[in-house]
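The values are calculated or read from the model by the stated rules, or taken from the named source; none is laboratory data. Here the structure is a predicted model, which is why all the values come from computation and not from measurement. Every residue, glycine among them, receives a Cβ derived from its backbone with ideal geometry; neighbour counts consider all protein chains shown.
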Amino acid sequence: MSVVTIAREGEIAVVAVNNPPVNALGQMLRQGLWDTVGALDADPSVRAVVLICEGRTFIAGADVTEFGKPPVPPHLPDLVDHIEGAAKPWFAAIHGSALGGGFEIAMGCRFRIALDSASVGLPEVGLGIVPGASGTVRTPRLAGVEAAVDLVTSGKPVKAAKAAALGLVDAVVMGDLRSEAVAFARAALGRPLPLPLSRRPVETPGPGFWERQEKAISKRARGEAAPLRALACLRKAVEADFSDAMAFERATFLELRSSEQAAALRHVFFAERAAGRPSHLAAAEPLPIRLAGVVGGGTMGAGIAVALLDAGLPVVLVERDGEAVERGLANIRNVYDGAVKRGRMTPDTAAERLSVVTGKTDYAALADADLVIEAVFEEIGVKRAVFAELGRICRPEAVLATNTSYLDPRLIAEGLPNPERFIGLHFFSPANVMKLLEIVPVPETAPAVVATGFALGRMLGKIPVQAGICEGFIGNRILKRYRASAEALVRQGVAIDAIDGAMRAYGFAMGPFEAQDLGGLDIAFLQREGARAAGQDVPETLGDILVRAGRKGQKTGGGWYDYALGDRTPQPSTAVAELLSSQISGEADMSVVEIAESLVGEMAEEGAAILSEGVARQASDIDVVEIHGYGFPRWRGGPMFATRSK
Ligand code: NAD
């Protein structure tokens, strides 16, 4: 079957693209469109062309199977020019997403008509490159420089209504896109046509604009190259003529495409896909989830409930007593109040979501739930009591999940009737925001239940990764090694702020010590104390010394650093230097790069152990965990990728 077909609506030709699943711009489609331009130009009965796509989306971007391979003609920039230069005007009819090359094709068209549910965008910077087919040159001519800078340097798509307000699309329609677009084209033919984008003038921004943008973007990008390079292309588009700007964009695109950062970002792109669609579960059918339960409405339970509500699931929240139920519901309300206050959600949407959560003290309310997630205190006795109740009340096929961070899920599941429906679903705080979801089956867990964990993850917009059982699963186990290794550097005489600075320079938002100060040192301390009380040999950490001296982090006015009242800026602390002086035995002099390489190397070594034990199914899963759960810079590709032998 052809990827491009032509139908007629009188003097208007309707060109339909059909290249499932997402109408990606592979060579066949490029060639098909190229040939269509010629065929329709040669047909005197055609006055205009509507370009529309079959399936769930407009052209959603490049063909990922061509990533990293030498480009094959017709090249996309030429195709966009070819469409723009056609003798008959083309009209893009957009549904789903017009992304990257898809939006560039739409910009080659004389008009863009979008369905109200559609979105458009230029996400290339997310792959470490810049748009390669005039995205940086045509967008400022279409929507002005400011909108173009936002669209191109953020990589974030915009919804149809906003796209129309910015001038990225000409009309937003509802109902039948094909007939709306044909009607639009017919009406447009009665009026003089606008100039093609390549011939439109581009406005010059006010003084200081580029410098301000550069500053803001470098701060945000933290070492990521593509956003700044995209800005340089946009500047060129304003300051040079069209063809020079195109040449500049092309050169930048080609250079970045073979860069280490682009390789890393492509790796992450494929790693996320591989993590979320595990081949070993291909035959397992996920169970339906229509009603969810959450036990425990503290930090995690409330966040998990919000994540479920946001995905459209009604939630029953069970707590210990009436007061705790009220507190749990208030925790959930607070999240929505915050979202409304920040303008991220309308009050109506917030009210709608809140209307389907009920708080209960009686487990009987969970009798009809398809899935229950436990998020009570991290104590084996408490959790076991909860699952004993769940085992009694819930339907035998209901999925029962624990959000434990460190306890052994096998011990939690002990004695549970139908243990094949038990699973660990490890969310990260704040659970409604953080993308990572570790999925931890026990030996008895049925494949359909593991598949349900993955399906739930996708439903909640998370990145699910399967992890095996060990202390801390994948992520917290590497975190422990990372922190211990950072402490080891301090013992060797490397300054605390030098370590944090090095990890920031590497691309983390925060170094290991300032992050602990923010989250509090006491949780990990209590955990170590618990292990010690249980007879385990847990060596004294530097963190233990600080907590014993009352330094639990920002909340106590100091941890690894001092903090002035009401100020979150970490200040190196003489008190800490004194407390730790007897522990420091060297005067190591390490460069910023050496520090980062050493700590990332330690993470990767732990990762290798995790892999060899089968706790992670593939090295790329470890990278996904670190990126989505622990702030590892995406453009470095994760610890396993960053330390791979090249
Ligand atoms: P939390 O103390 O904020 O909340 C625990 C809640 O459970 C409290 O509201 C408490 O009233 C309730 N609870 C206790 N016993 C109960 C029972 N028998 N029935 C019903 N409710 C009960 O704790 P948290 O930080 O939300 O952690 C909950 C779980 O999530 C723990 O297992 C923890 O290890 C795990 N976890 C925490 C984080 C984190 O960053 N806080 C991250 C991932 C996982």
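A few remarks follow.
Listed here are the residues, each with its yes/no results for (1) modelled with pLDDT of 95 or more; (2) under 27 Å from the mean Cα position of the chain (by Cα); (3) more than 11 Å from the ligand (Cβ to nearest atom).
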site	(1), (2), (3)
342	yes, yes, yes
373	yes, yes, no
382	yes, no, no
386	yes, no, no
390	yes, no, no
404	yes, yes, no
407	no, no, no
411	yes, no, yes
415	no, no, yes
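- Filter result for residue 61 (surrounded by 17 or more Cβ atoms within 10 Å (Cβ to Cβ) and out of contact with any Asp or Glu (no Cβ under 6 Å at 6 or more places or on another chain)): yes
- Pairing residues of segment 419-435 that are more than 23 Å from residue 449 (Cβ to Cβ) with residues that are more than 8 Å from the ligand (Cβ to nearest atom) and modelled with pLDDT under 95, at Cβ distances under 7 Å and at least 6 apart in sequence or on separate chains, gives no pairs at all.
- When each of 275, 221 is tested for being in the same structural domain as residue 152 (by TED's automatic domain parsing) and at pLDDT below 95, the lone residue that passes is 221.
- Scanning segment 71-102 for residues that are of a type outside the set (Val, Ile, Thr) and assigned to a strand (DSSP E or B) returns 90, 91, 92, 93, 97, 98, 99.
- Scan of segment 142-176 for residues that are over 25 Å from residue 214 (Cβ atoms) and surrounded by 22 or more Cβ atoms within 10 Å (Cβ to Cβ), ordered by number: 160, 163, 169
- Some residue of segment 425-440 being buried (at least 17 other Cβ atoms within 10 Å of the Cβ) and away from the ligand (no atom under 15 Å from the Cβ): no
- Any hit, segment 459-472, residues being in the same structural domain as residue 309 (by TED's automatic domain parsing), surrounded by fewer than 19 Cβ atoms within 10 Å (Cβ to Cβ) and outside any loop (DSSP other than H, G, I, E, B): yes
- Residue satisfying condition, being surrounded by fewer than 20 Cβ atoms within 10 Å (Cβ to Cβ), among the β-branched types (Val, Ile, Thr) and part of a loop (DSSP other than H, G, I, E, B), within set 46, 22: 46
- Residues in segment 578-600 that are surrounded by 14 or more Cβ atoms within 10 Å (Cβ to Cβ) and part of a helix (DSSP H, G or I): 10 in all.
- Among (1) more than 11 Å from the ligand (Cβ to nearest atom); (2) under 15 Å from residue 468 (Cβ atoms); (3) buried (at least 18 other Cβ atoms within 10 Å of the Cβ) - the single one residue 449 does not satisfy: (2)
- Which numbered condition residue 360 fails, given (1) within 14 Å of the ligand (Cβ to nearest atom); (2) closer than 21 Å to residue 469 by Cα; (3) surrounded by 14 or more Cβ atoms within 10 Å (Cβ to Cβ): (2)
- Residue within segment 315-331 that is in the same structural domain as residue 424 (by TED's automatic domain parsing), among the polar types (S, T, N, Q), more than 16 Å from the ligand (Cβ to nearest atom) and out of contact with any Cys (no Cβ under 9 Å at 6 or more places or on another chain) present: no
- Count of segment 253-305 residues, restricted to those that are of a type in the set (Gly, Ala, Ser), more than 16 Å from the ligand (Cβ to nearest atom) and more than 23 Å from the chain's Cα centre (by Cα), is 4.
- Flag if residue 231 is at pLDDT 95 or above and surrounded by 13 or more Cβ atoms within 10 Å (Cβ to Cβ): yes
- Complete set of residues in segment 554-568 that are farther than 19 Å from residue 495 by Cα and assigned to a loop (DSSP other than H, G, I, E, B): 557, 564, 565, 566, 567, 568
Condition check ((1) of a type outside the set (Gly, Ala, Ser); (2) touching a residue at least 12 places away in the same chain (Cβ under 8 Å); (3) part of a helix (DSSP H, G or I)) across all residues:
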| site | (1), (2), (3) |
| --- | --- |
| 105 | yes, yes, yes |
| 133 | no, yes, no |
| 151 | yes, yes, yes |
| 165 | no, no, yes |
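- Subset of segment 344-371 [over 32 Å from the mean Cα position of the chain (by Cα) and among the charged types (D, E, K, R)]: 360, 362, 368
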